[in-house]
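The values are calculated or read from the model by the stated rules, or taken from the named source; none is laboratory data. Treat the numbers as computed from the prediction; the structure is a model and nothing was measured. Because the Cβ atoms are built from the backbone with ideal geometry, glycine has one as well, and the counts that use them run over all protein chains shown.
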Amino acid sequence: MIGQRIGNLQIIELIGEGGMGTVYRAKDIDPVTWEPDDGRVFMWPTHDWFSTDKPIAGIDPKTRTISLEGTGGYDIRANNRYFVQNILALLDVPGECQIGAKSKTLYCIPRADATAIEAATAESLIAVRGQGNLVILTEDLEQKLAYNLLVVYDQD
């Protein structure tokens, strides 16, 4: 285990073992190498009753602070669970991928048994057809659908 990475932690030493488990000391991986353009934070805000993900607006490596693009009115607390995803520097396990939306590039560490890697693409995921106004119910829904939403209004 020494030297292995688990998420953004690197195992550095064995502290003790016995009883019901083994305890290791780990350190955070330095976010200085992270390129947050396509990164997102998946979290369980408020009282841990639901989950959401938000785009990363920026990272301050000195204070180890991640800024998000809007909180959507959620009460984000110091001890809420979260994980960072879609950061190329964090790929460390076969089967993990990072999608570069701006570069339209898929970075992937293939599994040992993989013979090919396929990535599906589509101009749009949902097409809304009809007359009248399109109403987006929540900010969260709008952010998730805005990437692949094609709105087509019928012509009279």
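Looking only at residues that are touching a strand residue (DSSP E or B) at 6+ places or on another chain (Cβ under 6 Å) and assigned to a strand (DSSP E or B) in segment 1-13, which one is nearest to Val84 (Cα to Cα)?
Filtering segment 1-13 for residues that are touching a strand residue (DSSP E or B) at 6+ places or on another chain (Cβ under 6 Å) and assigned to a strand (DSSP E or B), the one nearest to Val84 (Cα to Cα) comes out as Leu9.
Could we say that Asp60 is loosely packed, with under 12 Cβ neighbours inside 10 Å and assigned by TED's automatic domain parsing to the domain that holds Ser103 here? Working first, answer last.
Details: loosely packed, with under 12 Cβ neighbours inside 10 Å: yes; assigned by TED's automatic domain parsing to the domain that holds Ser103: yes.
Taking the combined requirement at face value, the residue satisfies it.
Kindly provide the set of residues from segment 28-87 that are under 14 Å from the mean Cα position of the chain (by Cα) and small (Gly, Ala, Ser), ordered by number.
Correct list: Gly39, Ser51, Ala57, Gly58, Ser67.
In segment 55-98, which residue that is in contact (Cβ under 8 Å) with a residue 60 or more places away in the chain and in a strand (DSSP E or B) is farthest from Ala112 (Cα to Cα)?
Only one residue tops the list, namely Pro55.
In segment 72-82, how many residues are exposed (fewer than 13 other Cβ atoms within 10 Å of the Cβ) and of a type outside the set (Asp, Glu)? Give the steps one after another, and end with the answer.
Filtering segment 72-82 for residues exposed (fewer than 13 other Cβ atoms within 10 Å of the Cβ) gives 73, 75, 77-79, 81.
Checking which are of a type outside the set (Asp, Glu) leaves us with 73, 77-79, 81.
The total comes to 5.
Quick check on segment 78-86. Is at least one of its residues at pLDDT 85 or above, in contact with a strand residue (DSSP E or B) (Cβ under 9 Å, 6 or more places away or on another chain) and closer than 23 Å to Thr121 by Cβ?
yes
Among (1) assigned by TED's automatic domain parsing to the domain that holds Ala57; (2) at pLDDT below 75, there is one condition Glu139 misses while meeting the rest; what is its number?
Tallying (1) assigned by TED's automatic domain parsing to the domain that holds Ala57; (2) at pLDDT below 75, Glu139 fails exactly one: (1).
State all residues of segment 87-113 that are of a type in the set (A, V, I, L, M), at pLDDT 85 or above and surrounded by fewer than 13 Cβ atoms within 10 Å (Cβ to Cβ); if no residue qualifies, say none.
Answer for segment 87-113, where residues must be of a type in the set (A, V, I, L, M), at pLDDT 85 or above and surrounded by fewer than 13 Cβ atoms within 10 Å (Cβ to Cβ): just Ala112.
Looking at segment 33-66, which of its residues are more than 22 Å from Thr105 (Cβ to Cβ) and in contact with a Pro (Cβ under 9 Å, 6 or more places away or on another chain)?
Residues satisfying the conditions are Ser51, Thr52, Asp60, Pro61, Arg64, Ile66.
For residues in segment 21-39 being modelled with pLDDT of 80 or more, surrounded by 16 or more Cβ atoms within 10 Å (Cβ to Cβ) and among the hydrophobic types (A, V, I, L, M, F, W, C), which is nearest to Ser103 (Cα to Cα)?
The residue in question is Trp34.
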